[in-house]
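Peer 1: Can you read through this structure? Questions will come right after.
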């Protein structure tokens with residue numbers, strides 16, 4: 001079961017690491033419209049899953065959806081202000097901190113080696129400054145760093161209501177429905193219906209919910225203190241997209257710093273998996 005848990009955590013990392021790519025491709029011009037379109041994609045993915053996990057209405061899922069929506073809105077503003085390559089590591093790092101605290105302090109999750117687990121968390125976090133610094137860019141708005149940190153701290157708690165009430169599977173549809181219910185008014189309040197942004201949001205929503213489904217399965221199998229930090233290696237995929245595809249960092253020195261930070265994050269994730 002542990003191997004399957006690690007596999008699903010890795011699938012979540014790939015999905016979440018690609019989640020912002022369609023949005024970044026079209027450009028973040030209207031955050032509300034993108035959030036609304038994303039919510040459509042999330043519900044679209046959840047409906048077929050509901051035939052297997054059920055269409056139960058769980059209050060815990062609604063709270064989780066509210067938390068995620070707040071975190072994602074902040075993340076969208078961050079991507080708009082500082083880019084994908086800088087946003088993703090900050091989201092990952094502070095989500096890891098939040099999830100680790102919840103898992104150890106509230107859920108009483110333990111490790112075979114607490115020292116090794118702490119070293120792993122330390123590696124994950126120490127790689128983040130290298131990944132996020134890259135190179136100086138005059139177009140970067142510093143406020144984006146603060147919104148990224150806030151998004152990570154909030155987003156690291158989004159599955160906690162469902163885990164606390166043991167509704168990880170049965171609450172999945174409610175989570176998606178909650179995000180959709182909040183996203184509908186945002187989409188129409190935006191008063192801008194740009195086709196390419198709507199499609200990008202739909203694709204991003206499907207990618208997010210694939211990752212969400214995967215991490216919920218992983219948490220059920222191996223616990224949040226292991227599953228969530230591994231899923232946050234999504235930053236490696238997101239940073240790769242930002243550098244290699246979107247060319248957010250082009251100087252050799254900046255790329256080397258990011259590559260070094262990425263290697264440290266990978267080592268941290270690997271240690272946490274065996275801790």
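Peer 1: What are the pairs, 6+ residues apart or on separate chains, where a residue within segment 38-62 that is closer than 13 Å to residue 212 by Cα has its Cβ under 7 Å from a residue that is not in a helix (DSSP H, G or I)?
Peer 2: Within 7 Å, the pairs are 61/167; 61/171.
Peer 1: Name the single residue, out of those in segment 11-47 being under 14 Å from the mean Cα position of the chain (by Cα) and surrounded by fewer than 19 Cβ atoms within 10 Å (Cβ to Cβ), that is farthest from residue 217 (Cα to Cα).
Peer 2: That would be 14.
Peer 1: Further, regarding this structure: Would you check if residue 265 is part of a helix (DSSP H, G or I), modelled with pLDDT of 80 or more and touching a helix residue (DSSP H, G or I) at 6+ places or on another chain (Cβ under 8 Å)?
Peer 2: So residue 265 fails the test.
Peer 1: Please find, among 177, 130, the residue that is more than 19 Å from residue 37 (Cα to Cα), over 15 Å from the mean Cα position of the chain (by Cα), in contact (Cβ under 8 Å) with a residue 60 or more places away in the chain and surrounded by 19 or more Cβ atoms within 10 Å (Cβ to Cβ). Lay out the reasoning, then the answer.
Peer 2: Values: 177 fails: more than 19 Å from residue 37 (Cα to Cα).
Every option except 130 fails the conditions.
Peer 1: Is at least one residue of segment 214-231 in a loop (DSSP other than H, G, I, E, B), surrounded by 21 or more Cβ atoms within 10 Å (Cβ to Cβ) and within 15 Å of the chain's Cα centre (by Cα)?
Peer 2: No; the residues of segment 214-231 include none that is in a loop (DSSP other than H, G, I, E, B), surrounded by 21 or more Cβ atoms within 10 Å (Cβ to Cβ) and within 15 Å of the chain's Cα centre (by Cα).
The values are calculated or read from the model by the stated rules, or taken from the named source; none is laboratory data. Note that the structure is predicted; figures quoted are calculated from it, not measured. A quick note on method: Cβ atoms are made from the backbone with ideal geometry, for glycine too, and the neighbour counts reach across all protein chains shown.
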